[in-house]
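Inspection log for the structure reproduced underneath, given as structure tokens.
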Amino acid sequence: MIEKTRKLIIHLLLIVLTVSITSCGFKVIDRSNLNYDIAEITTTGEKRINFKIKNKLLFNSSENNKKLINIDINSKKIKSIKEKNIKNEVTKYELKIQVIVTFSELNSLEKNKFNIQVSGDYDVANQFSQTLTNEKRIIETLTDKIAEKITDNLILKVNDI
């Protein structure tokens with residue numbers, strides 16, 4: 001009798017656990033079906049970063065949508081020392097990129113705003129030119145991440161408007 005109730009309890013727990021895990025409400029963002037078109041992008045801050053973000057956003061926007069939005073991007077790059085060796089020479093830098101995105105629908109006065117911050121680090125090479133190449137690579141990688149996050153946030157927030 002005790003063994004049957006123990007098995008019954010275990011089965012009920014497994015059923016409850018399975019139902020709660022499979023119905024968590026998580027949805028994958030569908031980037032193929034964008035619900036907005038970008039009318040204008042204005043940028044302030046880091047020119048190279050803004051240029052890359054702007055191109056990626058314009059490439060990802062879809063035409064023939066009813067919702068036209070204006071986007072204002074303000075970016076800031078912060079470079080700091082992450083590691084030094086015993087001789088007090090810098091061996092690794094950390095690079096943070098902070099972006100404040102403000103957007104509004106063309107026919108609306110309501111403005112929405114969100115912040116994105118990504119960071120990465122890169123090594124100092126023996127030659128200064130190689131160090132600059134490492135910095136440019138990390139900027140490219142972080143810029144791609146920022147553009148993806150901006151696209152995801154715009155998809156979610158434009159649906160809420």
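The values are calculated or read from the model by the stated rules, or taken from the named source; none is laboratory data. Keep in mind that what you see is a predicted model, and the values were worked out from it rather than measured. Note that each Cβ is placed from the backbone with ideal geometry, even for glycine, and that neighbours are counted across all protein chains shown. Note: areas computed on protein heavy atoms with side chains; ligands, DNA, RNA excluded. Shrake-Rupley method; radii C 1.70, N 1.55, O 1.52, S 1.80 Å.
Some points to look at:
- Single condition Asn74 does not satisfy, out of (1) crowded, with 16+ Cβ neighbours inside 10 Å; (2) touching a residue at least 40 places away in the same chain (Cβ under 8 Å): (2)
- Some residue of the stretch 80-87 being in contact (Cβ under 8 Å) with a residue 24 or more places away in the chain and either more than 19 Å from Leu156 (Cα to Cα) or not in a strand (DSSP E or B) (or both): yes
- Taking the stretch 56-71 as the range and being within 24 Å of Ile139 (Cβ to Cβ), open to solvent by less than 70 Å² (accessible area, probe 1.4 Å) and outside any strand (DSSP E or B) as the test, the residues that pass are Lys56, Leu57, Asn60, Ser61.
- Filter pass, Ile155 being in contact with a helix residue (DSSP H, G or I) (Cβ under 7 Å, 6 or more places away or on another chain), within 18 Å of Lys56 (Cα to Cα) and open to solvent by less than 70 Å² (accessible area, probe 1.4 Å): no
Yes/no per residue for (1) surrounded by 10 or more Cβ atoms within 10 Å (Cβ to Cβ); (2) at pLDDT 70 or above:
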{"residue": "Met1", "(1), (2)": "no, no"}
{"residue": "Arg6", "(1), (2)": "yes, yes"}
{"residue": "Ile9", "(1), (2)": "yes, yes"}
{"residue": "Ile15", "(1), (2)": "yes, yes"}
{"residue": "Thr22", "(1), (2)": "no, no"}
{"residue": "Phe26", "(1), (2)": "no, no"}
{"residue": "Arg31", "(1), (2)": "yes, no"}
{"residue": "Asp37", "(1), (2)": "yes, yes"}
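- Residue that is buried (at least 16 other Cβ atoms within 10 Å of the Cβ) and in a strand (DSSP E or B), where the choices are Ile100, Ile146: Ile100
- Selection status of Lys113, surrounded by fewer than 17 Cβ atoms within 10 Å (Cβ to Cβ), under 16 Å from Lys47 (Cα atoms) and of a type outside the set (Ser, Thr, Tyr): no
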